[in-house]
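Reading through the structure tokens given below for one structure.
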Amino acid sequence: MNTIGINNNLDRARIRKLLVIGLFASVLTGAGDFLLGFGEEIRGDSLASNVMSNAVNLSDAQLIWGGLLGCIGLFLEGLSYFAVYRLMADAAPKYAHIYRAGIFGYIWLAPIGCHMNVGIQKEDGSV
């Protein structure tokens, strides 16, 4: 088993710093969500149709800044998950390695899949 990142002493300062980064990142992601209109009332059947119906009424600056803030925030949130990985590495190294693989997948896919996929819906309902 690969033991990168696992040693016998906890680096509490690094863990605390990663958790503070995670709190900051959640504020960035929330700001991006509100810029994209996730705080609006639901007009459609699902969240996806709500985002699509709100995107028509948003300015280009709101779309760009909402996407970028969310993208950066989700990436930083993924980095902060390494604090949880470090905390669970001593007690359950096997599960910690599986969790670490999930973190890499999250960092790779979440920013693009969650915040950069806002499209403009046409008047006839097609995308």
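Based on Cα positions only, what radius of gyration and what Dmax would you give for region 57-98, in angstroms?
16.6, 50
Apply 1/(1 + (r/R0)^6) to the Cβ-Cβ distance of Ile21 and Leu58, taking R0 = 41 Å, and write down the FRET efficiency to the nearest 0.05.
The formula returns an efficiency of 0.90 here.
If ligands, DNA and RNA are left out, what is the accessible area of Asp33 with a 1.4 Å probe, given in Å² to the nearest 10?
For Asp33, solvent-accessible area is about 40 Å².
The values are calculated or read from the model by the stated rules, or taken from the named source; none is laboratory data. Just so you know, these numbers come straight off a predicted model, no measurement behind them. Glycine also receives a Cβ, built like all others from the backbone with ideal geometry; neighbour counts cover every protein chain displayed. When the accessible area is computed, the model is the full protein with side chains, heavy atoms only, and any ligands, DNA or RNA have been set aside. Shrake-Rupley method; radii C 1.70, N 1.55, O 1.52, S 1.80 Å.
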